Amino acid sequence: MFLASSAAAYAGTIEDSSLQVVLNETDGSFTVLDKRNSITWTQDALTAKSISNFVSTGASATFTMNDASESGLTDLAVTMSIDLNVVTISIAHSVAACNTFHWPFPFSSPDGYSAVMPYNEGMLLPVGASTGFLSSIGLDHGWNASMPIAGITNMSSGYMFLVETPWDASLDTRSGTNGNRQPHIQWNTSKGNFSNYTRSLKIYFYDTASGYVEMAQDVRAWADANGYSRTLTAKKASTPKVTYADSIIQFGSAPLATVTSESTYLYNQGVRNAIMYTSIDGYTDNWSLTSVVSAVIRALGFSVGWYKNYQNTYDPAEYANNTHQGYPDYLYTLSNSTPYKSGSSYYVCRLANYNATAVAQPNLLRGNVARLASDNTVDFITLDAETGSSTRECYDVTHPTLRYDDIQARKNILQYHLDNNISVGSENCVLWAVPNMVYAVGLFFIESEGAAWHTYDANYTTYITGYAYRIPLFELAFHDCIVSMDTYDNPINEFYATQPADWEKRMAWYALYGIPLNAKWTTSWDTYKAKVASSVNELASVLRKVGGIRMINHEFLNLDKSQQRTTFENGVTVTSDFVNNTYVLEPKEKTNCVIKNAVIRK
């Protein structure tokens, strides 16, 4: 056992053939005995709570929870049930309350375990280690949390929280009584109210050697069962422009002549299945790329990608009248207003500030998409931070929007493009966007607390190209659903001349995860563009085998984790060595004794 239970009165017990849960009526904590391995998981209580009205029916129970320390949150109706290795908890509240709620408590993390965290792709952080990562992240949006989960594992036992209602929840990694990191869920208010809907959480307990791999598989199984997954194959069936590109080349707001000349250069270097990606907002005439450059790029056989900021728009039509909630241009900070306060500032949506342009935005979106689709001039649009920034609420009584409504509106923006044969992406990805998004431009990149995004520093080499902590957690769940890649603002694009070895290390990562190269045109472009071309061609042979194929396993091959292997559903494996910055793809197909994937480096 990890920790012995304290002497206290207990409200009751529920159990099945795998698990036994015993609740403490005086503080709301509970212990879980995993009968399969005789391990007891014990919670570290954060605040005093009490349980009453306990009614058990064997493997399930209902009870009432009260919390004197969190004012207003009394008479919470809780349901708890066990199904094999999964404990499901639902929390309902019928009286308006404006406080956050911390429960269930985190389980004590023993030495030798690691926290499994959905920091973009995924992180495996030793529970006793001190890292520079954010201590609290929202579970409903990106820029860190790609999935509403957290857990710990030692590869033979562990647990995972999966938040089924994540739009008003957050995750932090608190230190327990033994000083070790332990994941913890915080339930937040919905429009300042805790009683808008029932909160739901699953806790998975593990007794196998797969650790985080099984966690990712359980996330996928849950996503499949609840409509949160849709494969690239299915997306392509309805949106023919969906493709697993070998690379994205981000030209930003480069001169139009540069986009033309440099895409021609890449073509002449053998680059083929790529997206030439630029920002139409960077030009005076947003359609000049369509009329001048797009034809040149398409004549070379490339796809055309655009960056377009649609953040101020909700669509399709059913959302045009009730969900434009001020995101973000109409979100105001007021010094003397209510009804919503965050920290020392008040936020409110004011319809009086809507102007003609804002009111016309839904029609503008539909018009732009229709024009793009009919002209057949663009394949891929990145919608800025539609899935990468915080969800929003509007508190205007005549125009209410919950975070859940905000998510539904964003999903409809993404799907609206797919329905019009335009592949769509964002700068990140969150589980709720998986069915409606094709590209995640930046999911591979991990931003640590206090680190500059575009700085080549210790954080970069430790957490981005380092091998000690990273795991393909998101890829293990959704590699066949999303084309994820590095951010185009990766600092190696600027520092290639001084850090050429890190380029090779980055290539070993891309091959291991089966993701395309994302390069950016910069002032250093002439220095490293030949490397961009050769790297794209090199990765193409990997992507042709694993692109869009489900990832089924990831493993560390040595103690220092410098050698790692991924396995895909079609039997292909990629083994990367991050000391020598090499990778090997197997099996190697041969035709007339010529290795097809001759670019694979040993």
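The values are calculated or read from the model by the stated rules, or taken from the named source; none is laboratory data. Since the structure is predicted, the reported quantities are computational estimates derived from the model, not experimental observations. Cβ coordinates were reconstructed from backbone atoms using ideal geometry, including for glycine residues, and neighbour counts include every protein chain displayed. All accessible areas refer to the heavy atoms of the entire protein, side chains included, with ligands and DNA or RNA removed. Shrake-Rupley method; radii C 1.70, N 1.55, O 1.52, S 1.80 Å.
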key: In Å², nearest 10: area of Arg403 left accessible to a 1.4 Å probe   = 50
message = If I model a spin label at Thr498 and Val95 as a point 7 Å from the Cα along the Cα→Cβ vector, what separation in nanometres do I get?
response = 6.1
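Calculate what fraction, in whole %, of the accessible area of segment 510-564 sits on carbon and sulfur atoms when a 1.4 Å probe is rolled over the protein chains. Numbers along the way, then the final one.
Working: 960 of 1920 Å².
Roughly 50 percent, rounded to a whole number.
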ask   = Just the accessible area for Arg36, please: 1.4 Å probe, Å², rounded to the nearest 10?
value = 90
key: Per residue solvent-accessible surface (Å²) - segment 131-232, probe of 1.4 Å   = 27
query = What is the set of long-range amide H partners of Leu517 at a cut-off below 5 Å, with H atoms built 1.01 Å from backbone N?
reply = Ile248
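Computing the accessible area with a 1.4 Å probe over protein heavy atoms, can you report the carbon and sulfur percentage for segment 82-231? It would help to have the intermediate numbers written out before the result.
Details: 2010 of 4190 Å².
Carbon with sulfur: 48 percent of the solvent-accessible area.
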key: Label-point separation, Ser524 to Glu569 (7 Å along Cα→Cβ), nm   = 3.8
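Have a look at the DSSP beta bridges in segment 439-585 and tell me what percent are antiparallel, nearest 5. Could the numbers behind the result be given before it?
Numbers: 14 of 17 bridges.
In segment 439-585, DSSP labels about 80 percent of beta bridges as antiparallel.
Across every pair of different alpha-carbon atoms, what Kirkwood hydrodynamic radius in Å does segment 16-64 reach? All intermediate terms of the calculation are to be shown ahead of the outcome.
On the way: mean 1/r = 0.0853 Å⁻¹.
For segment 16-64, the Kirkwood estimate is 11.7 Å.
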message = For segment 172-219, I need the span (max minus min coordinate) of the C-alpha atoms along each principal axis, in Å, sorted largest to smallest.
response = 42, 29, 12
ask   = Using only the Cα atoms of segment 61-122, what do you get for the radius of gyration and for Dmax, in Å?
value = 15.4, 43
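Roughly how many Å² is the accessible area per residue of segment 468-560, as a whole number, for a 1.4 Å probe? Walk me through the numbers before you get to the answer.
Values: 2660 Å² over 93 residues.
Each residue of segment 468-560 exposes 29 Å² on average to a 1.4 Å probe.
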Pair Ser56, Glu586: separation of 7 Å Cα→Cβ label points (nm) = 5.1
